[in-house]
Amino acid sequence: MDQLAARSSMIHNMTPLSKLWIAVFYILVTVSFHKYDISGLFVMVLFPLLGYQLSYIPVLTCFHKLRVVMPLVCAVGLLNPFYDRQILLTVGTVGISAGVISMLTLMMKGVFCLMMSFLLVATTGITGICSALRQIRCPEVITTLLLLTYRYISLLLEEVSTMTTAYHLRAPGQKGIRMSAWGSFLGQLILRSMDRAQGLYESMMLRGFHGEFHSAAENKGPRAVSAAVSVICSICVLACRWYNIPALLNSLVMF
Amino acid sequence: MHMADALLSPGVAATMYAATAVTAGISISRLRKQEKLEVDPTAVKLPTMAVMSALVFAGQMINYTIPGTGSSGHLCGGMMLTALLGPYAGFLSMIVVLTIQCLFFADGGLMALGANVWNMAFYGCFVGYFLIYLPIMRSKLFSGRDAKAAGRLKIILASILGCVITLQLGAFSVVAETSLSGITELPFGTFCGIMLPIHLAIGLVEGLITAAVLLFVYETRPELLRDVNTAETDGKHWSAVGTLVMLAVVALVVGGGLSLKASSKPDGLEWSIFGNAEEGYSANMGLDEESYGVESQAAAAAQSIQEKTAFLPDYAFAGDEENPAGTSVSGIAGSAIVAIVAALICVIGGFFRKKHEGLPA
């Protein structure tokens with residue numbers, strides 16, 4: 001993920017704040033579509049797709065990285081067809097019920113929002129997002145904590161793997177960790193990581209850390225361009241919400 | 001318990017964000033106050049907070065889908081964080097955990113973050129701490145035994161009780177928020193029937209794990225647990241106002257959800273307003289008549305806020321509401337064009353990407 005964020009492209013060079021705004025605005029608008037408005041919603045796929053292409057990140061990366069979560073998101077409306085059986089349209093002799101349509105709409109909404117948030121993170125990275133959060137006056141405690149936690153996760157995982165290796169070496173042929181050992185295992189993990197974190201933190205203090213990370217001046221594209229792009233994107237997103245573009249295109253084709 | 005973006009309407013999401021932001025603001029100001037009063041400033045606490053967040057984060061990675069609800073079941077960790085860090089720092093840590101999960105693991109939506117923080121952190125950190133954990137720790141329970149044993153028993157009791165109750169409240173909020181958003185077709189009762197029992201089981205498991213961890217910490221480094229056996233020495237008085245506020249918020253949420261149930265059927269609302277007292281409706285709901293009225297008002301207020309904050313009204317195509325097929329079917333050919341454009345974008349983008357990657361860095 002960090003490797004993706006470290007690349008360079010048109011989207012990577014935009015200021016984090018404008019990217020954050022576009023992502024949040026897009027998600028808000030996407031979610032606000034009516035549950036039967038499947039064709040209007042479909043247009044929204046173009047925004048993330050365009051974003052992925054402009055940032056040189058293959059769309060499949062997103063689906064590959066999020067393959068665990070995607071089914072969860074798609075499971076949202078799984079029961080809708082059973083509760084909403086009103087027939088909306090018939091294709092040949094097969095009637096399609098409102099529940100099926102609303103299920104599909106929900107799934108699309110979920111997937112689109114995921115694609116957009118993934119794009120945001122993949123092109124901005126945690127430091128970028130934190131700097132954007134600082135710009136919108138998000139308290140320092142939260143952003144510092146965010147950055148520290150993000151770093152400590154790998155520390156913790158390292159500690160976990162050391163401990164599980166130690167456990168398995170002492171308990172050969174045993175699958176997993178026995179229930180009775182969970183408390184001391186987790187407790188030990190907490191104490192060990194706390195000690196390590198404390199050590200790390202003290203060394204940070206010795207190097208002049210006083211509760212805030214100062215990121216080096218970002219060598220990113222001009223702010224005005226980013227702002228303009230975010231405004232244009234917002235207008236396009238709104239236009240897609242207000243006008244049912246597939247319907248308009250349809251009427252163009254039909255006449 | 002993480003909710004996806006698609007589960008919430010913008011209005012509900014914004015309301016939950018606002019509620020979470022206010023709570024976070026209060027937590028930060030309380031922490032700052034502590035910083036001035038005690039020798040335990042936020043700066044020293046930060047690494048502990050970060051480690052605990054990372055730990056809870058790892059614990060939450062193990063989750064599974066609850067079919068049909070779009071939500072997941074997993075450990076929450078709110079009680080553990082609160083017991084070790086205190087409610088305010090615990091709440092902030094939970095915010096951080098959920099933000100990282102949302103951003104980097106797509107667990108829970110960006111827009112639903114406010115609601116997720118509320119469901120998982122607020123109840124665990126504040127309700128669980130002030131109404132369950134602290135009272136049990138300060139009580140004279142098990143005072144017949146020696147101090148150490150009493151402390152142990154209190155920790156076990158508080159962890160299990162706290163986890164079960166706060167997870168139930170959280171699960172109920174998930175149901176209430178989803179239903180208020182009017183997204184899923186799942187009836188309110190069925191939804192509750194799926195979510196609550198599952199989270200009862202999860203709550204029990206979480207309670208046991210929390211108890212085990214806290215006991216271990218209690219045995220090895222009791223100074224990390226701030227509230228055990230402090231009843232006599234601690235000068236802090238536990239405020240009645242705080243309790244009342246907490247109870248009011250819980251009642252509001254639960255009441256909002258319950259009155260929603262009444263209004264989920266077209267004629268249910270009238271039935272609940274008129275002539276329900278004699279039929280013992282309010283007794284069924286476990287609320288007396290007066291407070292029931294209050295809860296309905298609260299729900300109505302929430303609804304009106306929702307209408308005001310609803311960024312884009314749900315029914316932008318007024319005429320289509322009678323014939324929903326209008327919107328969905330209109331423009332099959334148009335949708336096909338959009339699909340072609342999408343495919344084109346991908347092909348062209350792929351072409352340029354290859355070219356870009358071919359270039360020397």
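Just so you know, all these numbers are worked out from the coordinates, no wet-lab data involved. Keep in mind that this is a model prediction, so the values were computed, not measured. Ideal geometry is used to build each Cβ from the backbone, glycine not excepted, and the neighbour counts take in all protein chains shown.
Return the FRET efficiency for the residue pair A:Arg67, B:Ala147: r is the Cβ-Cβ distance, R0 is 60 Å, and the value is rounded to the nearest 0.05.
Working from the Cβ atoms, E equals 0.70.
Give me the percent relative contact order of chain A, please, defined on Cα pairs under 8 angstrom at least 6 residues apart.
Relative contact order for chain A comes out at 33 percent.
Need one number: nm distance between label points at A:Met204 and B:Ala339, each 7 Å from Cα along Cα→Cβ, rounded to one decimal.
About 5.0 nm, to one decimal.
Taking beta carbons within 10 Å but only from partner chains, what does the mean come to for residues A:80-88?
3
Roughly how large, in nm² to one decimal, is the mean projection of the convex hull of the alpha-carbon atoms in chain A?
21.0 nm²
Which pairs in the list A:Lys35/A:Lys65; A:Lys65/B:Lys354; A:Lys35/B:Lys354; A:Lys65/B:Lys355 are over 31 Å apart, alpha-carbon to alpha-carbon?
The answer is A:Lys35/B:Lys354.
Could you work out the mean projected area of the convex hull around the alpha carbons of segment A:139-220, in square nanometres to one decimal?
Here the figure is 8.2 nm², rounded to one decimal.
Please give the length that would be gained between B:Lys140 and B:Arg30 if that part of the chain were fully extended, namely 0.36 nm times their separation in residues minus their C-alpha to C-alpha distance (nm, one decimal).
36.8 nm
Taking every residue in A:25-33, how many Cβ atoms of other protein chains lie within 10 Å of its Cβ, on average?
6
Compute the signed sum of charges (Lys and Arg +1, Asp and Glu -1) over the other residues within less than 13 Å, Cβ to Cβ, of B:Met1.
So the environment of B:Met1 carries a net charge of -3.
Could you tell me how many cubic angstrom of Cα convex hull volume segment B:126-198 has per residue?
Convex hull volume per residue, Cα atoms: 84 Å³.
Using the basic label-point model (7 angstrom from Cα toward the beta carbon), what is the A:Thr93 to A:Ser9 distance in nanometres?
In this crude label model, A:Thr93 to A:Ser9 measures out at 4.8 nm.
Given a cut-off of under 8 Å on Cα pairs at least six residues apart, what relative contact order in percent is computed for segment A:1-106?
27 percent
Provide the packing ranking of B:156-165, A:8-17, i.e. peptides ordered by the mean count of other C-beta atoms within 10 Å per residue, highest first.
Taking the mean over residues of other Cβ atoms within 10 Å, the ranking is B:156-165, A:8-17.
Return the average number of partner chain Cβ atoms within 10 angstrom of each residue Cβ along peptide B:95-108.
6
Between A:Gln135 and A:Ala171, what FRET efficiency comes out of the Förster formula 1/(1 + (r/R0)^6) with R0 = 45 Å and r the beta carbon distance, rounded to 0.05?
0.30
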